[in-house]
Structure formats: C-alpha cells, structure tokens
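Taking it in order: structure first as structure tokens, then the write-up.
The values are calculated or read from the model by the stated rules, or taken from the named source; none is laboratory data. Model, not experiment: these values are computed from the prediction. Ideal geometry is used to build each Cβ from the backbone, glycine not excepted, and the neighbour counts take in all protein chains shown. Quick note on the areas: whole protein, heavy atoms, side chains included, nothing else; ligands and nucleic acids left out. Shrake-Rupley method; radii C 1.70, N 1.55, O 1.52, S 1.80 Å.
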Amino acid sequence: MIVMSGQVWVSLISLGGVVLGGVLSYLVQHRTQRSAERAEQQRQQIALSETRRAERLALLERFIEVSAEAERCAYTRPSDWEDTDAWYLATRDVMYRFWVADRLIRIQFPPPVHDAAHAHFLDLNRTVWDGLPDGESVRDYLEGNRSAFLDTARAVMG
C-alpha cells in the first residue's frame, strides 16, 4: 500500500470540507427558496380569497338592493295596469335587473344560496306581476324566503 503524504491528506480533507460546505449551502438555499415560494403562494391564495369575498359581498348587496326596489314595485302595484303605464315601465326595468342579479348569485355562490335567492326571486316576481289575493300582506308573503336567503348567505359568507 502506498503511503500518502501529509499534504495529500490535508488536500483531501480540505476538498471534502469544500464539498460538504457546498452541499450544505445548496440545501439551505433550496429550502429557503421553497419556503419563500410557499409563502408567496399562501399570500396569493389569501389575496384571491379576499377578492372573491369582496365580489360576493358586492353581489349580495346588488341582489338585496334590487330586491328592495322590486318590493317597492310590489307595494305600489296598481290593481289594473297597461304595458304603457309608468309603473309597468319602471317595474320592468327593476325586474330585469333583479333577474340578472339572481343569475349572478347562481354563478358566484354554492347551490343552497342560489336556491334560497331564487325562491325569493320567484315569490317577488309572482307578487309584482300577479299580485296577491285580497287581504294577504306583501311583507308577510315575502318574509319567509327573504329570511331564508339572508340566513343562507350569512352562513356561506361566515
């Protein structure tokens, strides 16, 4: 067996130290980069979640506003009206916006929220165009599905 000189051993040990230091440095940098990437993904996910929540709140606000306008139309519904009456023209526009708001709820929310919103929409649509039997209150007729919609929306929004 050949005996290695002290300088060779020192060189090999030094080279091993450099290799070990390089591997450790690579591992630390790799782990730090992965950690930074995960933190960025989390930040983006949180930002996306906040944006979606804001969009949903805006849709709920729009639906509730136009629902209130449609209720006012139901309260002011004349017993007889024509397609040229001011009430009909204003109500037609309100109900179209209400229909659009209902469809947007369907797009942005899970089925239970849309189902509750749609039931409220159908009640209000029926009340506006067909009226209610004598002695029946608009407020009382609409209260059940309106409350169900609001409760379901609140549960989903947390």
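Normalising the average separation of contacting C-alpha pairs (under 8 angstrom, six or more residues apart) by the number of residues puts the relative contact order of the chain at 21 percent.
Shape analysis of region 29-97 based on the Cα gyration tensor places the equivalent ellipsoid semi-axes at 52, 9, 5 Å, largest first.
Kirkwood analysis of region 62-151, using all unique Cα-Cα pairs, places the hydrodynamic radius at 13.3 Å. Distance from the alpha carbon centroid of region 78-143 to that of region 13-68 works out to 44 angstrom. Here the extension length gained between Glu37 and Val156 equals 39.8 nm, from 0.36 nm per residue of separation less the Cα-Cα distance. Per residue of the chain, the DSSP helices (runs of n ≥ 4 H) give a summed -39500 (n - 2.57) that works out to -30500 deg cm²/dmol at 222 nm.
Suppose R0 equals 35 Å; then what is the FRET efficiency for Ala47 and Thr84 from their Cβ-Cβ distance, rounded to the nearest 0.05? Intermediate results must be reported in sequence, preceding the final value.
Working: r = 50 Å, r/R0 = 1.44.
Using R0 = 35 Å, I get an efficiency of 0.10.
Considering only the other residues whose Cβ falls under 15 Å of the Cβ of Glu37, what net charge follows from Lys and Arg at +1 and Asp and Glu at -1?
Net local charge, Glu37 excluded: +3.
On region 1-95, 59 percent of the accessible area sits on carbon and sulfur atoms, based on a 1.4 Å probe. Highest mobility in the GNM of the chain, judged by mean-square fluctuation with C-alpha springs under 10 Å and restricted to Gln45, Gln29, Gln108, is found for Gln29.
Checking understanding here: applying a Kyte-Doolittle mean of at least -1.0 and a length along the axis of at least 30 Å (C-alpha), which whole DSSP H helices in the chain pass?
On the way: long enough: 6-75 (103 Å, -0.16); 86-108 (33 Å, 0.07).
Qualifying helices, which must be both long enough and hydrophobic enough, are 6-75, 86-108.
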